[in-house]
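Comments concern the structure below.
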Amino acid sequence: MAKLELGKISFGKTDAFNELIEFGTDYFLNSFVNNDKYRLPDFLTGNKCFICGKKGTGKTAFLRYLECTLDKPENIVIPIRFKSDFDDLDKEQIIDASKSGNQDDSAGQNDSSYTTRDIISMKSYVLMWEAFLINRIISEAKEKELPLFCADENYRDLNTVLMSVFGEKKERRIILPKVKKGTVELSAGLSSKLSASLKLELDFDQKSNKISYLKAAKAVVRLFTKLQSNIGSAYVLVDELELSVRSKDSHNKDIMLVRDLILAIDELNRACKIQRFNVHFIASIRSEVINSVISAGFEINKPIEDYGITINWFQKGGDYLDNPLLKIIENKIRASETLNGCEQTENVWEAYFDNTVHDTEVRKYILNNSWYRPRDVIRLMTLLQNQSSGESKFNQQMFDRAQQEYSNRMWNELSEELRLAYSQEDLEAIKTFFYKIELPFTFSYLNERANALGEIYPNIKRFFEKVAMANFATKMFELGIIGNTGERMVFSFLDYDGISLLEPMVLHTPLRNYFAVQSRKKETR
């Protein structure tokens, strides 16, 4: 049987969104590995709506898989990317509208018609996100000509209010196109469509032809929950719930916006369950985002705990050969064979890989050089493929040639996560601190090294004057940079909760090339 040339194998992209665009739906679906921990049926039925996990663990791939499999005539599928779809101007618009609206509405907050929850919502961005998401569903249903809801009086009123706030054009990304100082100016045609009761509810000003935005958003949510289901289903897939690292101010704003988007999704899903709508809101959330939001004093742990799952790819116990990360490589190769008109290989490891790399079985070697994330495996295999120069199998020499670039890229990715906690000067200090470090090392060695290097490098001295070594080591452990060594390896990605500062420690294997580490010449102290 003819075997595919190594250079023609498509291992995909480190970002599932890019992979889907470049290689197409068939390749993506054929190479996708449905990890049991995804609990796919629970998301389709609405029992789960949040998929959580660290960067690179396959959350976007899961949402893209849902997008592809749900793309049917009877379904409306709405992908939304928080990081890409909403720029700083969009975010500022939400914040400004909320501030202005609160000022305008403060006098009426003691009105008995408002519940405590309503008042709390009016002081946040939850209502804004709810109105935006509802508008997307109604707009997409109309564009697709799918009667998702019965066209009764509530539906007609909802459409009128949505057009009042979001405009009459089909601009899907728009969040608050017509809001100025907390109010929305209506066209004569739209104002004439508002009933007397709606005008009263929206604080309609006859002279200026304006309504209160926040009261309009509240009306949108109220009217949505009074609709009657008709035909079809809708799935809103929210991805890239990430926090800006450009500045502390942007970071803090994103925390509030992401928090309330999560709460809005939870609220809408609850409303849809009560009304028995075939409408589902699903979001992927990075673990560090959840931790940042919670540490900022905002409670989102209840909806995450009740309706979320955490994805990881490490398996405690059993045979490492059964790890689903290895299945990703197998599926990518077989999908590539199909793409190139070749017959699929039954045993890809025997056909495309040497048995061992540095005396370690090749599959175990690949896992040992990862953080047990799909992104790591795809990156390593892509770099390995770049070293191909006519070889018939991936061999040790190719792994060795790819190792330095892989090490560099992994540190670059980790640096992005470190920027959430440390400044650029701090990052330079951390890089210098680890450069040519001796392995294994102890806690006392780290302190001695910090003192010695601090006499040479002022940034290292400043860094450890403000950051305790124990806190630094714990942070490095959380990101998978260091762990314990000895009878067993203890790393965060191996599902361990903490590092022991009393036992020997090492840098994770893939980072050792980047930092040019050295072996200890004497016993660990």
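Any read-out appearing in this document is the output of simple, stated calculations on the displayed coordinates, not a laboratory observation. Predicted model only: the values in this text are computed from it and were never measured. For neighbour counting, all protein chains shown are included, and Cβ atoms are generated from backbone atoms with ideal geometry for every residue, glycine included.
The table below gives the values:
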read-out	value
q = 0.31 Å⁻¹, segment 234-283: log10 I(q)/I(0) [Debye, one scatterer per Cα]	-1.11
Aspartates and glutamates with Cα under 16 Å of Lys193, excluding same-chain neighbours fewer than 8 positions away	Asp152, Glu153, Asp157, Glu168, Glu185, Glu201, Asp203, Asp205
Proximal charge balance of Glu5 [Cβ under 13 Å; K/R count +1, D/E count -1]	+1
Among the listed pairs Lys226/Lys253; Lys8/Lys144; Lys142/Lys218; Lys393/Lys431; Lys72/Lys332; Lys8/Lys475, those beyond 31 Å (Cα-Cα)	Lys226/Lys253; Lys8/Lys144; Lys393/Lys431; Lys8/Lys475
Three-way shape label, segment 459-508, alpha-carbon gyration tensor, a/c 1.5	prolate
Tensor-based shape of the chain (alpha-carbon gyration tensor, a/c under 1.5 rounded, otherwise prolate or oblate)	oblate
Reduced Cα scattering model of segment 361-424, Debye log10 I(q)/I(0), q = 0.11, 0.13, 0.20 Å⁻¹	-0.30, -0.40, -0.80
Cα lying deepest toward the dipole's positive end in the chain, options Val236, Thr183, Leu427, charges on Cβ	Thr183
Debye, to nearest 20: dipole size of segment 218-332, +1 on Lys, Arg Cβ, -1 on Asp, Glu Cβ	520
Angle in degrees between helix 396-418 and the longest Cα principal axis of the chain, rounded to the nearest 10	40
Global form of segment 317-415, assessed from the alpha-carbon gyration tensor, a/c cut-off 1.5	rounded
Degrees, to the nearest 10: 424-434 long Cα axis against longest axis of the chain	20
Helix axis angle, 469-478 relative to the chain longest principal axis, alpha carbon, degrees	80
DSSP beta bridge pairing in the chain, given as percent antiparallel to the nearest 5	40
The chain - charge dipole about Cα centre, Lys and Arg +1 at Cβ, Asp and Glu -1, debye rounded to 20	680
Spread of Cα-to-Cα distances over 5 Å intervals beginning at zero, given as percent, for segment 419-519	2, 13, 24, 26, 22, 9, 2, 0
Amide H contacts under 5 Å for Tyr235, placed H, 5+ residues apart	Ile76, Val77, Ile78, His280
Residue-by-residue Karplus 3J(HN,Hα) for segment 263-271, coefficients 6.51, -1.76, 1.60, Hz, glycine and proline x	5, 5, 4, 4, 5, 5, 4, 5, 5
